[in-house]
Amino acid sequence: MLCSVLRDPEWGPRLSFFCGRLTRKIVCWSPFFFFLLWLFGSPLTVVVPRVERGTLHALDMEENGTAINYNLSALFSFSNPGNNFQVSFNDIAAEPSYGGQKLGPDAGLPSFKLPSKKTMLVPMEVEGRQVLDGSVATMYAEDAGRGFFTIQVKLHVKEGDDSEDFLCTFQFPVPTESWPGTPNLFDGDECIPL
């Protein structure tokens with residue numbers, strides 16, 4: 001309708017007084033451009049990982065408070081929401097931490113290609129023993145008293161030539177004395193771009 005008004009012999013010259021030929025073309029073609037953008041999706045979509053679930057098998061402070069034994073597994077999902085481009089994840093590293101202190105070396109996660117409108121599940125498992133400073137031992141005692149442990153995992157994601165970091169936060173209930181050795185579960189949450 002707008003294009004027909006611009007082409008009208010009576011209104012066209014009046015409108016061209018206010019705007020040139022290029023502007024009239026932009027006005028005529030912009031609905032078509034937005035239709036294509038809606039139909040195929042934006043090529044600038046950022047893929048943000050999500051924690052689908054996490055399991056804390058162990059987070060045990062040694063008696064002298066100088067080291068912690070940990071065993072954590074998680075499942076991350078990466079979803080390509082609708083653009084028609086395949087996204088390549090060349091390198092993904094997970095850096096778990098507790099109380100601001102890193103738990104062991106970075107865990108390398110598998111690289112993959114993510115087609116349009118697909119979701120890929122990427123597992124992570126870390127286990128080990130980490131020597132701590134005194135503030136983490138104090139935080140461990142406070143968290144045990146509050147009833148939950150907060151573990152953060154920083155994901156370093158290399159997507160094509162670009163690199164991004166995301167922070168994923170897990171909150172696990174402290175195991176009760178009546179159920180020792182039972183894994184603690186976390187239902188999942190969105191990761192935050194840094």
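Assorted remarks:
- Per the Debye calculation on the stretch 44-194 with a single equal scatterer at every Cα and no solvent contribution, log₁₀ I(q)/I(0) for q = 0.18, 0.21 Å⁻¹ amounts to -1.02, -1.30.
- Listed values for the stretch 149-158 are Karplus-derived 3J(HN,Hα) couplings in whole Hz (6.51 cos²θ - 1.76 cosθ + 1.60, θ = phi - 60°), namely 10, 10, 10, 10, 10, 8, 9, 9, 10, 9, and x replaces Gly and Pro.
Read-outs: derived from the displayed coordinates by stated rules, not from any lab. Model, not experiment: these values are computed from the prediction.
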